[in-house]
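Beneath this line is the structure, given in structure tokens, with notes to follow.
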Amino acid sequence: MIRRFFILCSGADRDLLDSCSRGEQIKYAGIGATVFFTALMAFFAASYALYTVFDKVWMALFFGLAWGLLIFNLDRYIVSTLRKRDSFWKEWLQASPRILLAIIIAVVISKPLELKIFEKEINRVLLEQKNQMTLDNQQQLALQFDPAIGQKQAEIAALKQEITDREAETNALYERYIAEAEGREGTGLLGKGPVYKEKREKHDASLAALQALRTENTERIASIEQEIAQLETGLGKAVADSQPVIDGFDGLMARIEALGQLPWFPSFFIFLLFLAIETAPILVKLMTPKGPYDLKLEDQETAVAAWVKQKVDQRFKLADTDRVLNEKIYGEIAEEEAVYAYKKQKAEELMRLQADRFFDMQVKNL
């Protein structure tokens with residue numbers, strides 16, 4: 001039962017193969033098994049590759065099954081249409097397009113499985129890329145918010161500096177009226193005279209202005225700090241909103257690019273393995289000599305070709321014979337006087353009718 005199934009996978013004519021030896025049947029069963037397991041590996045590879053794209057098991061299995069059946073049909077067609085020739089180089093020339101197609105299929109099949117085999121190494125490369133992308137994203141978003149935040153911080157610094165300057169000015173006035181009272185500056189007289197009172201009034205006025213300025217600037221600073229907090233919140237929200245995009249950077253293309261950054265040697269040998277599996281049925285048919293099945297199949301196909309060629313030749317000969325007979329028959333008819341007189345009479349009647357019709361049309365147009 002299994003052997004008949006693998007023979008079916010090989011694309012061989014089962015009725016013709018049943019008349020061959022058991023060894024010939026085993027050979028084609030082995031070819032069919034290679035075709036089947038190649039398609040099975042294609043199903044697994046495509047399912048995993050599509051799962052990384054859709055993140056849905058049922059969808060990955062459905063399209064993976066479709067891809068596996070497509071590969072199965074292609075391999076079966078390649079093997080079944082490869083015919084044994086009398087010349088080895090003619091066989092290679094016939095098989096070269098099929099080998100090229102097998103190489104393409106091997107690349108397509110091996111790549112998803114390489115992604116699975118080297119999944120841990122690929123995840124490490126993707127993690128490094130995501131970290132770098134996170135830093136770059138934060139820097140790019142900061143360029144949008146930093147100028148506004150820097151401007152607000154400069155305004156706060158200016159307001160604080162204004163308070164500091166006013167405090168220094170007020171302290172200087174305080175030192176002046178104290179020095180006047182102690183007799184160290186100004187009039188040099190000890191005591192609180194008119195000059196002392198005048199300097200004290202200037203200090204008190206400056207102190208009142210300082211208090212008012214401190215209150216006003218403190219309120220403005222609080223308002224500006226609130227605006228800075230809103231900008232920083234916007235920056236944090238922008239970073240948080242863009243982070244899922246970076247976290248989702250692990251699709252099929254990203255993994256293939258990450259695989260390209262790994263050493264090529266192990267990946268190349270996996271490709272060679274699948275290339276050997278994919279081209280094995282073709283190479284087996286090329287390397288094995290003509291067997292009983294090949295001879296019987298060639299006999300069957302050449303018999304049909306000869307029969308078709310014979311029918312075509314007979315059809316052309318029949319046409320040539322009919323042409324010769326028709327020329328001879330119509331030549332003898334042309335020599336008979338009765339036929340000539342009858343054709344002449346009919347021609348005269350036709351010419352009279354045409355003349356009468358032309359005359360009627362001319363009269364009608366007048």
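Being modelled with pLDDT of 80 or more, closer than 25 Å to GLN132 by Cβ and not aromatic (Phe, Trp, Tyr) holds for only one residue in GLU219, GLU232, and it is GLU232. One residue stands out among those in segment 131-182 that are among the small types (Gly, Ala, Ser) and in contact (Cβ under 8 Å) with a residue 60 or more places away in the chain: the one that is nearest to GLY236 (Cα to Cα), which is ALA142. There is at least one residue in segment 275-291 that is part of a helix (DSSP H, G or I), among the charged types (D, E, K, R) and at pLDDT below 75.
Restricting segment 16-36 to residues that are surrounded by fewer than 15 Cβ atoms within 10 Å (Cβ to Cβ) and closer than 24 Å to ALA276 by Cβ, which is modelled with the lowest pLDDT? If you could, list the steps in order and put the result at the bottom.
In the first step, residues of segment 16-36 are kept if they are surrounded by fewer than 15 Cβ atoms within 10 Å (Cβ to Cβ); the result is 16, 18-19, 21-23, 26.
Add one more test, that the residue is closer than 24 Å to ALA276 by Cβ, and what stays is 23, 26.
On the way: GLY23: 70, ILE26: 76.
Ranking the candidates gives GLY23 first.
The set of residues in segment 92-114 that are of a type outside the set (A, V, I, L, M, F, W, C) and either over 13 Å from ILE78 (Cα atoms) or surrounded by fewer than 15 Cβ atoms within 10 Å (Cβ to Cβ) (or both) comprises SER96, PRO97, SER110, LYS111, PRO112, GLU114. Could you check GLU332 against (1) charged (D, E, K, R); (2) modelled with pLDDT under 70; (3) closer than 30 Å to GLY23 by Cα and say which number it fails? For GLU332, the exception is condition (3). Say we look at segment 115-148 and pick out the residues that are crowded, with 17+ Cβ neighbours inside 10 Å and among the β-branched types (Val, Ile, Thr); which of these is modelled with the highest pLDDT? Within segment 115-148, the match that is modelled with the highest pLDDT is VAL125.
The values are calculated or read from the model by the stated rules, or taken from the named source; none is laboratory data. None of the values given here were measured: they were computed from a predicted structure. FYI the Cβ positions are ideal-geometry reconstructions off the backbone, even for glycines, and counts take in every protein chain you see.
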